[in-house]
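What follows is a single structure, written as C-alpha cells, with notes after it.
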Amino acid sequence: MSIASVLSFNTKEEVKLIDARGPRFGALITTLVLTAFLISKFVPLLYWQLAVFTLGAFVGATPYSFIYKRIVKPRLSGDVPTEDVRPPQFAQLVGFLFTLSATIAYSFGADSLGFVIVGFALTAALLNAAFNFCLGCEVYLLITRAKAAVSSRKTREDSYNLPSL
C-alpha cells in the first residue's frame, strides 16, 4: 500500500490485512538495534534503522518483515490475528521521521538532541514489542477519527464543536 493512501486516512477504500504479530516482531528487533546504538554510539546502526523505517513507510516491507514471514511465522501455530496495514505503515513513517531527525542531529554534532530523539523512538518501539501498544498506530486511529468527525459536520461552525474522541 502506498504512503499516499495511508496518509489520506480514507476509511472507505479496500483494506489490506497483515499478520498482527509481524509489526510486533519488527518492533522487537528495532528495540534491540536502537538500544545497541544508544550503548555503542555506532552510527551505522542508526543508518540501518533509518533505512528499515524508510522501506517500511514508503515501500511497505522491511527486512524484519521478510525475516518474520520466512523464519518466524512458519513456526507459529494457532489462529493468526490480522490487522489493517495502514496504522503500522503510518507508525513506520513516524519512526522514519524520528530517526531522520536523530540522524540530522548527530550529523550536526548535536549528540544530546540525537540521543533524546532516539530515546523517544526506542520508547515507542519498546511499548509495541513488550506491551503490544503501537503508539504510531494509535495516533493514526486518532487522526482518522478526528477527520471523520470533522467531515461529518454539516456547516463550518459545526467543525469547532468536536465530540470527545
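The values are calculated or read from the model by the stated rules, or taken from the named source; none is laboratory data. In this text, all values refer to a predicted model and were calculated from it rather than measured experimentally. Here the Cβ is made from the backbone with ideal geometry for all residues, glycine too, and neighbour counts use every protein chain on show.
A quick yes/no check of all residues on (1) in a helix (DSSP H, G or I); (2) of a type in the set (S, T, N, Q):
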site: Glu14; (1), (2): no, no
site: Gly22; (1), (2): yes, no
site: Ala27; (1), (2): yes, no
site: Thr31; (1), (2): yes, yes
site: Pro44; (1), (2): yes, no
site: Ala61; (1), (2): no, no
site: Val72; (1), (2): yes, no
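With the condition kept exactly as written, say whether any residue in the range 80-94 is surrounded by fewer than 15 Cβ atoms within 10 Å (Cβ to Cβ) and not hydroxyl-bearing (Ser, Thr, Tyr). Give the derivation first.
Quick first cut of the range 80-94, residues surrounded by fewer than 15 Cβ atoms within 10 Å (Cβ to Cβ) only: 80-82.
From what is left, the residues that are not hydroxyl-bearing (Ser, Thr, Tyr) are 80-81.
Yes; the residues of the range 80-94 include at least one that is surrounded by fewer than 15 Cβ atoms within 10 Å (Cβ to Cβ) and not hydroxyl-bearing (Ser, Thr, Tyr).
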With criteria (1) assigned to a helix (DSSP H, G or I); (2) polar (S, T, N, Q); (3) over 20 Å from the mean Cα position of the chain (by Cα), Thr54 comes up short on (3)
How many residues does the range 132-154 hold that are free of Cβ contacts under 8 Å to residues at least 40 places away in the same chain, outside any helix (DSSP H, G or I) and under 18 Å from the mean Cα position of the chain (by Cα)? 1
Any idea which of Ala124, Ala146 is surrounded by 13 or more Cβ atoms within 10 Å (Cβ to Cβ), aliphatic (A, V, I, L, M) and modelled with pLDDT under 95? Ala146
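Which residue, of Val85, Val80, Val6, is touching a residue at least 40 places away in the same chain (Cβ under 8 Å) and touching an Asp or Glu at 6+ places or on another chain (Cβ under 6 Å)? Give the derivation first.
Values: Val85 fails: touching an Asp or Glu at 6+ places or on another chain (Cβ under 6 Å); Val6 fails: touching an Asp or Glu at 6+ places or on another chain (Cβ under 6 Å).
So the residue among Val85, Val80, Val6 that is touching a residue at least 40 places away in the same chain (Cβ under 8 Å) and touching an Asp or Glu at 6+ places or on another chain (Cβ under 6 Å) is Val80.
For the condition outside any helix (DSSP H, G or I), surrounded by 14 or more Cβ atoms within 10 Å (Cβ to Cβ) and among the β-branched types (Val, Ile, Thr), what is the one hit in Ile67, Ile18? Don't jump to the end; show me each part of the working.
Working: Ile67 fails: outside any helix (DSSP H, G or I).
Answer to the check: Ile18.
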When the range 77-131 is checked residue by residue, the ones that are under 12 Å from the mean Cα position of the chain (by Cα) and not in a helix (DSSP H, G or I) are Val85
